[in-house]
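Since every read-out is calculated from the coordinates, none of them should be taken as a lab result. Bear in mind the structure is a predicted one, so any value in this text is a computation, not a measurement. So basically every Cβ, Gly included, is an ideal-geometry build from the backbone, and we count neighbours across all protein chains shown.
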Amino acid sequence: MKNKLKNTAALALALGGLVIQTNSFAADTAVTYHTTKVDGLTLFYREAGEPSRPTIVLLHGFPSSSHMYRNLIPKLASQYHVIAPDYPGFGYSDQPAVADFAYTFDHLAAVTDDLLNSLNLEQYSLYIQDYGSPVGFRLLVKHPGKIQAIITQNGNAYNEGLSAFWAEHLYPYWKDRSAANEAKVRGLLTLDTTKFQYTAGSRNPAHVSPDGWTRDQATLDKPGNAEVQLALFYDYQNNVEQHALWHATLRQAHPAVLAVWGKNDPIFIPPGALAFANDVPDAEIHLLDTGHFALEEDGDVIAGYILDFLSRKVH
């Protein structure tokens, strides 16, 4: 036993540099979980990586939360500082009632901006997916000098990216918030629809963990959350109206743009990814054989694209 311990100690000493490096890597990529008060709300966010490194802010989509980035964060944190917040009404952040909080994308962006300011982030890159796009583009319009790069993963900013789903479900609701149109939109909050968003367009649904849609549905089923989501569904029309402003800001600020899209997404279709090149001609665009929540099936591929892209574009 003593010889075994002695040999182990000798091996540890001989490989001391490697052991230290491995422990350092683990410390760098370990995710920590935080809550903080912003604008009177308790907001939750995940964090990893050395704060002295360039920062990537991961903005989640509907109906998810920072949980959608659970596997991506450690892959990026070996080289970057990573922040992933939950918006009000999502994940572990507060969910004030619709009577007490205006659930608009302007407001979500303002709260997110205040959170990032409280963390003293002077510059950062954005990863935007689904709802993360209208939140992120509002940050770009307000702070074009802060945003070093935009990584869009099925985060739409163009009319070309809107599938037939929108005309079928959302356009009627925007025109008339009747009981019939609201009932149809409420159908988007069911478990079947949530699971559909995760599995539709995937190469193999067995590759997609049920953890994502199960956790998301738990939030959607919370008392009062349906009203939160209905308010945001209705307000989404203001995002479409701001597309031209976002495009002008892209042309003027010219952040580095990487598009990594699941090309089989039934909600945001590939022309939305390709359209980024209209305003940022050197945008790098990759269409992946998967769906809306592309990280579930192609997380390693996407992480590789991000690390390569940022190594060349952000210093």
Could you tell me how many degrees, from 0 to 90 and to the nearest 10, lie between the Cα long axis of helix 16-29 and the main elongation axis, the longest principal axis, of the Cα atoms of the chain?
20 degrees
Residues meeting the amide H criterion for residue 257 (H placed from the backbone, H to H distance under 5 Å, 5 or more places apart or on another chain) are 150, 284
Provide the FRET efficiency to the nearest 0.05 for the residue 167-residue 100 pair, computing r from the beta carbons and using R0 = 41 Å.
0.80
What relative contact order, as a whole-number percentage, does the stretch 255-315 give when Cα pairs under 8 Å and 6 or more residues apart are counted?
39 percent
Of all DSSP beta bridges having both residues in the stretch 20-139, the percent classed as antiparallel (nearest 5) is 60 percent
Relative contact order %, the stretch 181-226, counting alpha carbon pairs below 8 Å whose residues are six or more apart
39 percent
Show me, for the stretch 51-64, the HN-Hα J-couplings you get by feeding each phi into the Karplus relation (A = 6.51, B = -1.76, C = 1.60, θ = phi - 60°), rounded to Hz, glycine and proline as x.
x, 6, 7, x, 9, 10, 9, 9, 9, 7, x, 8, x, 8
Rg(Cα)/(2.2 N^0.38 Å) for the chain, N = residue count:
1.06
Quick check: from the Cα gyration tensor, does the stretch 130-229 come out rounded (a/c under 1.5), prolate or oblate?
oblate
Could you tell me the relative contact order of the chain? Use alpha-carbon pairs under 8 Å, at least six residues apart, and round to a whole percent.
18 percent
